[in-house]
Amino acid sequence: AQSVTQLGSHVSVSEGALVLLRCNYSSSVPPYLFWYVQYPNQGLQLLLKYTSAATLVKGINGFEAEFKKSETSFHLTKPSAHMSDAAEYFCAGINFGNEKLTFGTGTRLTIIP
Amino acid sequence: GAVVSQHPSRVICKSGTSVKIECRSLDFQATTMFWYRQFPKQSLMLMATSNEGSKATYEQGVEKDKFLINHASLTLSTLTVTSAHPEDSSFYICSARHRGARNSPLHFGNGTRLTVT
């Protein structure tokens, strides 16, 4: 079964600094991977998805992620953090033919003014 | 974009009562919907997969008699928490996928905060 691991339950960056949220997947078959963002007391919003096309995926709000098979990673980045980026971020994966989405444990991003 | 509506957003009920949560796909048909539960500061745990016109598939450890799921149409799934207890207090989130798009992203509702007193 597909599983994803997020390193770092909390990440703090200064406003304007680079954001890097880490996600590694475990699967012998390249999975479909997603990053979601959750604001307090709200559902999840899709940031971006990887579905075996381009390895560098651009999403909303200036976020992007790169699929690296050699590292089994799908880290989320943003060049310049904004205060509105403060939220919980979840990496999720799904294997082809399996509809169940597996979530990482989440990373809370704090932006320092 | 695709929208999933979840209602109510917050509900407070007394112990022993039942609560129904609705999940609707507003602009697409969803043969499959998923129900998740999220404890404070934790990730989402899949509770069950709701299939239109058939019985739901529950994850291991989830009581099917306590968490009743009905998926009567291609746009509506309901989760009923029966005989609620304080330990059922949690954030419940539904999600849906476009009909016929098995590996496309899930679209999520805004969640329901259930508090059982």
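The values are calculated or read from the model by the stated rules, or taken from the named source; none is laboratory data. Note that the structure is a prediction, hence the values are computed from the model and not measured. Note that each Cβ is placed from the backbone with ideal geometry, even for glycine, and that neighbours are counted across all protein chains shown.
Quick one: would you say residue B:81 is among the aliphatic types (A, V, I, L, M), farther than 17 Å from residue B:26 by Cβ and in contact with a helix residue (DSSP H, G or I) (Cβ under 9 Å, 6 or more places away or on another chain)? Spelling it out, residue B:81 is indeed among the aliphatic types (A, V, I, L, M), farther than 17 Å from residue B:26 by Cβ and in contact with a helix residue (DSSP H, G or I) (Cβ under 9 Å, 6 or more places away or on another chain). Checking region A:6-26 against the condition returns no match, with no residue being over 25 Å from residue A:112 (Cβ atoms) and within 14 Å of chain B (Cβ to nearest Cβ).
Restricting attention to region B:19-59 and to residues that are part of a loop (DSSP other than H, G, I, E, B), touching a strand residue (DSSP E or B) at 6+ places or on another chain (Cβ under 9 Å) and of a type in the set (Asp, Glu), the residue that is farthest from the other protein chains (Cβ to nearest Cβ) turns out to be B:52.
Here region A:61-98 is the region considered, the condition is being touching a Ser or Thr at 6+ places or on another chain (Cβ under 6 Å) and within 14 Å of chain B (Cβ to nearest Cβ), and the residue that is nearest to residue B:34 (Cα to Cα) is A:93. Within region B:65-86, restricting attention to residues that are among the small types (Gly, Ala, Ser) and in a loop (DSSP other than H, G, I, E, B), the residue that is farthest from residue B:8 (Cα to Cα) is B:83.
Looking at region A:79-90, is at least one residue of a type in the set (Asp, Glu), free of Cβ contacts under 8 Å to residues at least 12 places away in the same chain and under 30 Å from residue B:11 (Cβ atoms)? No, region A:79-90 has no match at all.
Annotation: of all residues in region A:30-56 being within 12 Å of chain B (Cβ to nearest Cβ) and among the hydrophobic types (A, V, I, L, M, F, W, C), the one that is farthest from residue A:77 (Cα to Cα) is A:44.
Counted as qualifying within chain A are the strands (runs of 3 or more DSSP E) with 1 or more residues that are in contact with an Asp or Glu (Cβ under 8 Å, 6 or more places away or on another chain), namely A:19-26, A:32-38, A:44-50, A:56-58, A:73-78, A:107-112. For region B:59-84, the candidate set comprises residues that are crowded, with 18+ Cβ neighbours inside 10 Å and free of Cβ contacts under 8 Å to residues at least 40 places away in the same chain; within that set, the residue that is nearest to residue B:14 (Cα to Cα) is B:67. Looking across region A:9-37, the residues that are crowded, with 20+ Cβ neighbours inside 10 Å and within 14 Å of residue A:101 (Cβ to Cβ) come down to A:23, A:25, A:31, A:32, A:33, A:34, A:35, A:36.
In the set (1) part of a loop (DSSP other than H, G, I, E, B); (2) of a type in the set (A, V, I, L, M); (3) within 12 Å of chain A (Cβ to nearest Cβ), residue B:62 fails one condition alone, (3).
Note on region B:1-13: residues that are in a strand (DSSP E or B) and farther than 23 Å from residue B:86 by Cα total 2.
Going through region A:71-113 one residue at a time, which ones are surrounded by 14 or more Cβ atoms within 10 Å (Cβ to Cβ), charged (D, E, K, R) and at pLDDT 90 or above? Residues satisfying the conditions are A:78, A:85, A:88, A:108. Of all the numbered requirements in (1) modelled with pLDDT of 95 or more; (2) within 14 Å of another protein chain (Cβ to nearest Cβ); (3) assigned to a loop (DSSP other than H, G, I, E, B), residue B:16 misses one, and that requirement is (2).
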